[in-house]
1. Any residue at all in the stretch 309-322 that's surrounded by 15 or more Cβ atoms within 10 Å (Cβ to Cβ) and under 23 Å from GLY157 (Cβ atoms)?
2. (1) more than 20 Å from the chain's Cα centre (by Cα); (2) closer than 30 Å to ALA311 by Cα: which one isn't true of SER146, the others all being true?
3. Within the stretch 12-27, identify whether any single residue is hydroxyl-bearing (Ser, Thr, Tyr), part of a strand (DSSP E or B), in contact (Cβ under 8 Å) with a residue 12 or more places away in the chain and surrounded by 13 or more Cβ atoms within 10 Å (Cβ to Cβ), and answer yes or no.
4. Which pairs do you get when a residue that is touching a residue at least 12 places away in the same chain (Cβ under 8 Å), found in the stretch 109-124, comes within reach of a residue that is outside any loop (DSSP other than H, G, I, E, B) and not hydrophobic (A, V, I, L, M, F, W, C), reach meaning Cβ atoms under 6 angstrom, with the pair 6+ apart or on two chains?
5. Mind checking which residues of the stretch 76-99 are among the β-branched types (Val, Ile, Thr) and within 23 Å of HIS39 (Cβ to Cβ)?
6. Return the pair list, or none, for Cβ contacts closer than 8 Å from residues in the stretch 175-200 that are on the phi > 0 side of the Ramachandran plot to residues that are surrounded by 15 or more Cβ atoms within 10 Å (Cβ to Cβ), at least 6 apart or on different chains.
7. Give the stretch 276-320 a look and list any residue that's farther than 28 Å from ARG240 by Cα, among the β-branched types (Val, Ile, Thr) and in a helix (DSSP H, G or I), or say none.
Amino acid sequence: MNTTSPEATPAAPGRIVLLTTSHRVAPGLLSWPAWQALHSADSVLCADGAHPQLPYLREAGIRVTEAAPTAEELVDACAGGRTVVVVATGEGEPALTDGLARLAGSGRVSMPELELLPASYDLPGARLLDLVQVMDRIRAECPWSSQQTHKGLAKYGIEEAYELVEAIEEGDRDELREELGDVLLQVVFHARIAEEDPEAPFSIDDVAGTIVAKLIHRHPHVFGDETATTPEEVKEHWLRTKAIEKRRESVTDGVPLGQPGLALAAKLASRVRTAGLEVPLPKTDGIGYELLALAVRAEAEGVDPEAALRAAGRAYRDAVRAAEGLEG
């Protein structure tokens, strides 16, 4: 009779779950697969004892051990088919994942099943929260930024707006992304300064809430019962609701007189045309009035006179450089 014992079945290598979370989502708001993995794990580890998720995990009955195992120690912890969940820190455990990759590549170790499980995801716009936090710190700690005022920053807002327009007209996508960020910084910076106003403080949330309410109110064809099938009808809705909100007496109310001259003339002409008014141009001689007439004519033909003059100015610049023997 054959009394030789059968070969022992090798122990299952187990499973490692690397659980990642977003600091931009409230702690404790985890996906259902994440909660399932946490509750069914044989062991849950976290290297950061101050991880914002830990109080909520423990409240849910999850036992979490504060530990930072090496790759070898983690593989050993999975022996016998055990599942170990590692709650990743904000850096994502690069040393651990690099170590596991080296072990797997060596071919000398029976590796556990490896799974990356995102437990929470960033929503669109989540990086705006980072911008607000960075601005808070800069305002508190930077000697220059901490002294700035709305009035002192005003010129930068104008400069950044012009640089954004230039990026749009040049068609440079990388530059456009950067300049949009610079314009956004101005908004966040001013909102941060406004929080410190002792009489009428407001925050970036108030700024966002105001524009959200305005957009909803001025788009009744999207959020209400109105209908609009053409851009002209949309503009009509916008102007009508805006007039009700502002209670303006004249179509010229709200037109900033400090904007560039051609843009100002075109804006006034647009208001006049949209309102259906017949307003003769001033019968006065002078280059200014000639430019006014050109701006009104351009607006009537659907041309932005300010953009048209900038385009002509760039062509003139190139001609000057060519006359100097320089490249465009």
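1. yes
2. (2)
3. Yes, because at least one residue in the stretch 12-27 is hydroxyl-bearing (Ser, Thr, Tyr), part of a strand (DSSP E or B), in contact (Cβ under 8 Å) with a residue 12 or more places away in the chain and surrounded by 13 or more Cβ atoms within 10 Å (Cβ to Cβ).
4. PRO112/ARG15; GLU113/ARG15; PRO118/THR20
5. THR83, VAL84, VAL85, VAL86, VAL87, THR89
6. Between residues of the stretch 175-200 that are on the phi > 0 side of the Ramachandran plot and residues that are surrounded by 15 or more Cβ atoms within 10 Å (Cβ to Cβ), there is no close pair.
7. If the condition is that a residue be farther than 28 Å from ARG240 by Cα, among the β-branched types (Val, Ile, Thr) and in a helix (DSSP H, G or I), then ILE287, VAL320 are the ones that fit.
Residues checked against (1) in contact with a Phe, Trp or Tyr (Cβ under 7 Å, 6 or more places away or on another chain); (2) modelled with pLDDT of 95 or more:
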| site | (1), (2) |
| --- | --- |
| GLU178 | no, yes |
| GLY181 | no, yes |
| ALA194 | yes, yes |
| ASP206 | no, yes |
| PRO220 | no, no |
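The values are calculated or read from the model by the stated rules, or taken from the named source; none is laboratory data. Computed from a predicted model, the values in this text were never measured in an experiment. Positions of Cβ are generated from backbone atoms using ideal geometry, with glycine treated the same way; all protein chains shown enter the neighbour counts.
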